[in-house]
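For reference, the structure discussed in these notes is given below.
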Amino acid sequence: MPVTPVTNPVTAFGVCVIIAARNAARTIPVAIASALRETEVAEVVVVDDASTDNTRDVALAGDDGSGRLSVIRLDVNRGPSFARNTAIKASRSPFISILDADDFFLEGRFRRLFAATDWDFAADNIMLIRDDPAADLAKVAAPPLAADPEFLDFERFIYGNISRRSMLRGELGFLKPVISRAFLERHGLSYDENLRLGEDYELYARAVASGARFKIIKSCGYGALVRADSLSGRHKTLDLKRLADADLALLAMRGLPERAKAALRRHERHVRDKYRLRHFLDVKAERGLASAAAYAFASQSNFFPIVSGVAADKLDALFRRTGMAAKQQVPPMRFLMAATSTAKE
């Protein structure tokens, strides 16, 4: 795994931006440039997770000559959790910032987040932008939004990760915080390398359960492209099962109050029901309807989410086909968290 050494000195508020990348040659130049533009960034560590395109070469070409960029190449695809853990181990800055390879920072992001340091995790709003290869992302700017700072408690965070049918996704696990390295080390926290879906959610949940002060502000400093072919949109059925199992592991943490456990149980059922429906459809495709029906009727836990899920899918398709419901349109731009504009009327 060749590494370009980082030579820039780390300041008291130095940030290491970690980017896990796979087949991201088209988008990673904007991600790297947006990170290197920020004066608070002391390191940018890219981990090329066994890309089959020229992601590594394109990433190296993003070097601005400051000595802050390093690129690590993995020869075997290990997933985003392994890649991020690798980047964190290779860095030394006191703060870690997560940046996806198809996303970018808006100018001044870290100045706003470091305006106060009363947090262990700090995240701002995310501008979700419909992917358009012709768009000039360097010119994207967020409208003025009130910061409205607040701290996430465990229950709100967990419930904020339960998606709803027919609604645009906006789970709080999508947040990309700046993280105190000292907090991670003090509590022995890292990404769960068994997960390829919900790895951010799982880490944030364990951190908040361990006492992390997770601050959110509603003003926006992070841009995310909404792509039909994103990795999160191509997860496997097994990934859902592993995420539900991760909730069971969180339930085993000592000292969780009953309200926290109730939130986790609800999230686990939500994810497990998705897994059961997806598994039913997989069995039907691979072994036929009889085998799928046998799985559905094996238990009530299987039967009800499968029947309700199939019925909802059929109704959605019928309503769209008959024109009773329009196909859900992805808006050109929206925000993960609702916020108040500070612009003058």
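The values are calculated or read from the model by the stated rules, or taken from the named source; none is laboratory data. If you're wondering where the values come from, they're calculated on a predicted model, not measured in any experiment. Neighbour counts are summed over all protein chains in view; Cβ atoms, including those assigned to glycine, are modelled from backbone coordinates with ideal geometry.
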### The listed residue being under 20 Å from residue 88 (Cα atoms) and over 21 Å from the mean Cα position of the chain (by Cα), out of 20, 35, 42, 31
42
### Query
In the range 155-178, is there at least one residue being touching a strand residue (DSSP E or B) at 6+ places or on another chain (Cβ under 9 Å), over 29 Å from residue 240 (Cα atoms), touching a residue at least 12 places away in the same chain (Cβ under 8 Å) and not polar (S, T, N, Q)?
no
### Message
Looking only at residues that are out of contact with any helix residue (DSSP H, G or I) (no Cβ under 7 Å at 6 or more places or on another chain), part of a helix (DSSP H, G or I) and aliphatic (A, V, I, L, M) in the range 244-283, which one is farthest from residue 306 (Cα to Cα)?
### Response
249
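Listed here are the residues, each with its yes/no results for (1) closer than 22 Å to residue 196 by Cβ; (2) outside any loop (DSSP other than H, G, I, E, B).
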residue: 24; (1), (2): yes, no
residue: 30; (1), (2): no, yes
residue: 63; (1), (2): no, no
residue: 82; (1), (2): yes, yes
residue: 96; (1), (2): yes, yes
residue: 100; (1), (2): yes, no
### Summary
Within the range 185-207, residues touching a residue at least 60 places away in the same chain (Cβ under 8 Å), assigned to a helix (DSSP H, G or I) and aliphatic (A, V, I, L, M) come out as 207
### Query
Is the range 94-105 home to any residue that is among the hydroxyl-bearing types (Ser, Thr, Tyr) and surrounded by 15 or more Cβ atoms within 10 Å (Cβ to Cβ)?
yes
## Note on the structure
Just one listed residue, out of 147, 182, is in a loop (DSSP other than H, G, I, E, B) and more than 30 Å from residue 312 (Cβ to Cβ), and it is 147
### Message
Restricting to the range 65-76, and then to whatever is part of a loop (DSSP other than H, G, I, E, B) and among the charged types (D, E, K, R), can you tell me which residue is nearest to residue 37 (Cα to Cα)?
### Response
68
### Query
Within the range 224-233, is even one residue under 24 Å from residue 82 (Cα atoms), at pLDDT 95 or above and either outside the structural domain of residue 292 (by TED's automatic domain parsing) or not hydroxyl-bearing (Ser, Thr, Tyr) (or both)?
no
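Sort through 197, 113 and tell me the only one that's buried (at least 16 other Cβ atoms within 10 Å of the Cβ) and either under 30 Å from residue 274 (Cα atoms) or not assigned by TED's automatic domain parsing to the domain that holds residue 99 (or both).
Working: 113 fails: either under 30 Å from residue 274 (Cα atoms) or not assigned by TED's automatic domain parsing to the domain that holds residue 99 (or both).
Matching residue, one of 197, 113: 197.
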### Query
When you go through (1) within 15 Å of the chain's Cα centre (by Cα); (2) modelled with pLDDT of 95 or more one by one for residue 209, which number turns out not to apply?
(1)
